[in-house]
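Accompanying notes for the structure given below.
The values are calculated or read from the model by the stated rules, or taken from the named source; none is laboratory data. All figures in this text were calculated on a predicted structure; none of them were measured in a lab. Cβ placement follows ideal geometry from the backbone for every residue including glycine, while neighbour counts extend to all protein chains displayed. To get the accessible areas, we keep the full protein, side chains included, count just its heavy atoms, and leave off ligands, DNA and RNA. Shrake-Rupley method; radii C 1.70, N 1.55, O 1.52, S 1.80 Å.
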Amino acid sequence: MAYKRCRIMNLIIISILFVAFYSFYRIISDRVCYCPRAHDQLLSLPEETCRQIRNSIILTQLKKYNHTFLMEQIKELQRCWWSVNGNALEDIRSELRACCNAGSNLLVTQANTHIGDYITYGTNRDKRIEVTENIHEMLPKVSPFPDKPFRRCSVVGNGGILLNSGCGSDIDQADFVFRFNLPPMNYAGDIGTKTDLVTANPSILHTSYSKLDEERKPFIDDLKAYKSALIVMPAFSFTSNVDVSFKVFHTLQDFESQQKVAYFHPDYLKNLALYWINKGLTARRLSSGLIIVSTALELCDEVTLYGFWPFSRGATGKPISHRYYDNKVPKPGFHSMPDEFFFYTQMHSKGILRLKIGTCY
Ligand SMILES: *[C@@H]1O[C@H](CO)[C@@H](O)[C@H](O)[C@H]1NC(C)=O
């Protein structure tokens, strides 16, 4: 009798171990191995067709391109295999390092700026601000970026195209995740949960947090969604940005937050704008999208863009909301996003970065 009970116990223990091992295996395999199950069916275009589409995009000129046609083509390319072209990436990377060098110059730091230096404002270029001891103390000691590039980066735009994309876990699998303008984070399945760097435009502090003049707790609470991410602000683009950008620093300090804020270096932004003007972009100012994409190309071995789609309709003609968290229709002529998008489609076709459009499942 005791023998039989013992056998039953053994069987139960073995079953429990088996279930535990299997669940463990599922969790680990989902994390370690990226298995593009359904993707395989989508990668259905013949390579020859893919090559033709890529070539036609690469040969298109910025001044002459047809938005509708480009939308259709980039959508088609989602059904083609994409891989990094190391040489093409290295070429643009060495150009970007030579002109701009995000690794050490993206942000104002104690390493690139000294007490008594003057910083010239990005837009009000006849005005400059002296780096006092107080300001100097607010700056990070050195650039937060490592010398060795990150293996994979996700750059997550706020485009409505992310809704129902199911791209959250793809986005989170990157080693470094960039986001824009303190976006709402309650769409984990579509946008992921990870953030390593998030930009904040002073305008959002004016509209949503009354310039941090009054209650600052809601701001601190909202920032918790970005965990330990670095917050980056264009403090020295306009003279009017300085106050509120410094207030973010003091608010984080007063609330003993572990989060840090840093400021774009206006000289970096100026050099980067010149770089893209030389490539044919005519906009007066770069969007933060193109700034961060350029930065990511310098800092990452593989860059994937999500949520970049500056059109109010999808390639199939279906309306798409401007941002994934609201449905405000963009003002026509606001920024030169479609022209910047043109560069992304070219870089996608050349294997410099991957422009992800549509679903990830
Ligand atoms: C732009 O492309 C679309 C789709 O290919 C086409 O139907 C349309 O005629 C083109 N427009 C112009 C102005 O070439």
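Look at where the Cα atoms of segment 115-138 and of segment 65-90 average out, and the two centres are 41 Å apart. The angle between the Cα long axis of helix 288-299 and the main principal axis of the chain comes to about 70°, on a 0 to 90 degree scale. Given Lys227/Lys260; Lys141/Lys260; Lys318/Lys350; Lys217/Lys247, which pairs have Cα atoms separated by over 19 Å? Cα-Cα > 19 Å for Lys318/Lys350; rest within. Go through Val248, Ser208, Asn327 and say which Cα lies farthest out towards the positive end of the charge dipole of the chain; charges sit on Cβ, +1 for Lys and Arg, -1 for Asp and Glu. Highest projection toward the positive end goes to Asn327. Charge dipole of the chain (Cα centre as origin; +1 on each Lys and Arg Cβ, -1 on each Asp and Glu Cβ, all else neutral): 1040 debye, rounded to the nearest 20. Considering the dipole of the chain built from charges on the beta carbon (Lys and Arg +1, Asp and Glu -1) around the Cα centre, which of Ala235, Thr199, Gly351 is farthest to its positive end? My answer, from the dipole projection, is Gly351. Entry comment: accessible area of the chain is 53 Å² per residue, from protein heavy atoms only and a probe of 1.4 Å.
Considering only Leu162, Leu17, Leu281, the Gaussian network model of the chain with Cα springs below 10 Å gives its largest mean-square fluctuation to Leu17.
Just from its helices, what would the mean residue ellipticity at 222 nm be for the chain, if runs of 4 or more DSSP H residues each count -39500 (n - 2.57) and the sum is divided by every residue, rounded to the nearest 500 deg cm²/dmol?
After summing the helix terms and dividing by the residues of the chain, the value is -13500 deg cm²/dmol.
Pop out the carbon and sulfur fraction of the accessible area of the chain as a percent, whole number, probe 1.4 Å.
Working: 10600 of 19280 Å².
That fraction is 55 percent.
Among DSSP bridges having both ends in the chain, what percentage is antiparallel? Round to the nearest 5. Spell out each step's value before the answer.
Working: 7 of 28 bridges.
Among the beta bridges of the chain, antiparallel pairing accounts for roughly 25 percent.
With everything on Cα atoms, drop me the angle between helix 266-278 and the longest principal axis of the chain, reported from 0 to 90° to the nearest 10. Result, in degrees: 80. When the Gaussian network model of the chain links Cα atoms closer than 10 Å, the mean-square fluctuations of Ala235, Ala174, Ala111 top out at Ala111. The residue list Pro140, Pro46, Ser257 was ranked by how far each Cα lies along the charge dipole of the chain toward its positive end, using unit charges on Cβ atoms, and Pro46 comes out on top.
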